[in-house]
Amino acid sequence: SRGCKLIGSGSAIPSLQISNDDLAKIVDTSDEWISVRTGIRNRHVLSAKESLTTLAAEAARKALEMAHVDADDVDMILMCSSTPEDLFGSAPQIQKALGCKRNPLAYDITAACSGFVLGLVSAACHIRGGGFNNVLVIGADSLSRYVDWTDRGSCILFGDAAGAVLVQSCDAEDDGLFAFDLHSDGDGQRHLKASIKENEIDHTIGTNGSILDFPPRPASYSCIQMNGKEVFRFACRCVPQSIETALGKAGLNGSNIDWLLLHQANQRIIDAVATRLEMPQERIISNLENYGNTSAASIPLALDESVRSGKVKSGDLIATAGFGAGLTWGSAVIRW
Ligand code: ACO
C-alpha cells in the first residue's frame, strides 16, 4: 500500500501592511486592545490591483522549488479557499500560472479556516487510493475583501496570504499523515457567516409562483458577520477534543508531538488549546502577530516560516488543526 509525505512548502504575502495603529484611524480601537485580546499587531492586505490567484501561484512555485519537483510532474492542485476570484473556482488559473503542461486536475475546496487541513487529508486520499503522485495543496484567502471595515469587532482580525505544500506518494512505512479527524456543524453557521444577500434574490418569484421581477439581479455576498464570543467558545471546546481524537487514532499522545500548529485566529485560543493539551509554550507555533487570521492560508504560512527558519526539522511530528466558518473543524497528525 502507498503512503504520502510532505516534501516542500512555500508562502506569499501581499506587500501592503496594516498595523493596529492604522486600524485605530478608521474604527474606535487601539493597538493595546487588539494586541491584548488577540495577539495581532499587523496584517497584510491585497491591494485592488493584486490577485489572490497570483499570490497562491507564487506560494505553490516556492513549494515546488523546495520539493525539487517540476511543475510538469504535478498531477493535482487543490486550492483551499473561501474567496476565489472566479465563482467557479481559482484552481485552474493556478494550474495555468504554474504552466503545468499535463493539464493536471485542479479544483477548489471551500471550508473557511479548516480548508487547508481538509486539503491535506484529500490529497492523502487521492494519493493512497487514486494513484496520484504529486499533489499541490494550497491555502489562500483574501478575507479583507469581505470584511466590514466599519465593524471593529471583526475587521481587526483578518489578513490576506497564501501558503502551499507539496504532498508526494511514498512507501507506506514512510507515510507522513498519521491520522485525522474532521467535523462540521451547520447549526453554528449563525455565529460566523458571509451569506448571499437574500433581498436581491428573494423577490423575483411571487407567492403564487409568478415572476415579479425579471431578470434577477446578479447576486452578491454580505460582509463577514461574526459573534466573536461564540466562535471563541466553539474553538476552545472542539479543537482540543479533535486533536486528542486524531492523536488517539495514531496511537500517540501530546508528549510525542514536537509542534502544535493551530489555525492562527487568536493567541488566546491557541494558548487555551495548548493548556488543555498540556503543551508547553516552546512547542507552540505562532505567527499571527504579523499576519492576523489569514483563514485557509494560516497553517501552511506558519509551517513554511517555521521550516525555512530551521525551527521545524525533517522528521518532526506536528499536531495541526483548522477551525472556522461552516462551522467546520478538523485536525491531522503529520510528519514534516
Ligand atoms: N477595539 C476596542 N473595543 C472593542 C473592539 C475593538 N476592536 N472590538 C470589540 N470591542 C468592545 C466591544 O464593543 C465590547 O464593549 P462593551 O463591553 O462596551 O459592549 C468589548 O470590547 C468586549 O467585546 P467582546 O466581543 O466581548 O470581546 P472579546 O473579548 O470576546 O474579544 C474577539 C473579541 C477578539 C473578536 C474574540 O471574541 C475572538 O477572537 N473570537 C474568535 C473570533 C475568531 O477567531 N474568528 C475567526 C474564525 S476563523 C474563520 O473561519 C473566518
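Where a number appears in this text, it was derived from the coordinates with a stated rule and is not lab data. Model, not experiment: these values are computed from the prediction. Cβ coordinates were reconstructed from backbone atoms using ideal geometry, including for glycine residues, and neighbour counts include every protein chain displayed.
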Within segment 213-336, the percent of DSSP beta bridges that are antiparallel, given to the nearest 5, stands at 60 percent
Comparing 314, 184, 210 in a Gaussian network model of the chain (Cα, 10 Å), the one with the largest mean-square fluctuation is 210
Under 17 Å by backbone N from the virtual spin label 7 Å along Cα-to-Cβ at residue 36, the residues of segment 128-155 are 153
Low-density loop trypsin sites (Lys or Arg not before Pro), segment 14-46, at most 13 other Cβ within 10 Å, DSSP non-H/G/I/E/B, are 25
Residues meeting the amide H criterion for residue 106 (H placed from the backbone, H to H distance under 5 Å, 5 or more places apart or on another chain) are 77
Which residues qualify? For residue 85, with a placed amide H closer than 5 Å and at least 5 residues away or on another chain, they are 90
Here, residue 85 and residue 268, labelled 7 Å along Cα→Cβ, have an inter-label distance in nm of 3.6 nm
For residue 313, counting only lysines whose alpha-carbon sits under 28 Å away and dropping same-chain residues fewer than eight positions off, the answer is 5, 62, 249
Once both label points are put 7 Å beyond Cα along the C-beta direction, the residue 15-residue 207 separation in nm becomes 5.8 nm
Listed with the fewest Cβ neighbours within 10 Å leading, 323, 178, 214, 158 appear as 214, 178, 158, 323
Relative contact order of the chain (C-alpha contacts under 8 Å, at least 6 apart) in percent is 26 percent
For the pair residue 49 and residue 68, the simple spin-label estimate (label points 7 Å beyond Cα toward Cβ) gives in nm 3.9 nm
Residue by residue through segment 21-34, the couplings from Karplus 6.51 cos²θ - 1.76 cosθ + 1.60 with θ = phi - 60°, in Hz, x for Gly and Pro, are 5, 4, 5, 5, 7, 10, 9, 7, 8, 8, 4, 5, 4, 5
Dividing the mean separation of Cα pairs under 8 Å (6+ apart) by the residue count of segment 230-336 yields a relative contact order in percent of 35 percent
For segment 296-336, averaging the sequence separation of alpha carbon pairs under 8 Å that lie six or more residues apart and dividing by its residue count, the contact order in percent is 35 percent
Among beta bridges assigned by DSSP with both residues in the chain, the antiparallel ones amount in percent, to the nearest 5, to 70 percent
Computed about the Cα centre, the charge dipole of segment 155-265 from +1 Lys/Arg and -1 Asp/Glu charges at the Cβ has a magnitude in debye, to the nearest 20, of 600 debye
Computed ³J(HN,Hα) along segment 113-120: with the Karplus parameters 6.51/-1.76/1.60, θ = phi - 60°, integer Hz and x for glycine or proline, the list is 6, 8, x, 5, 4, 4, x, 4
In a Gaussian network model of the chain with springs linking alpha carbons closer than 10 Å, the residue among 130, 248, 188 that fluctuates most is 130
Along principal axes, largest first, the alpha-carbon spread of the chain in whole Å comes out as 62, 48, 39
In segment 260-313, the GluC sites (Glu not before Pro) that sit in a DSSP loop and have at most 13 other Cβ atoms within 10 Å of their own Cβ are 278
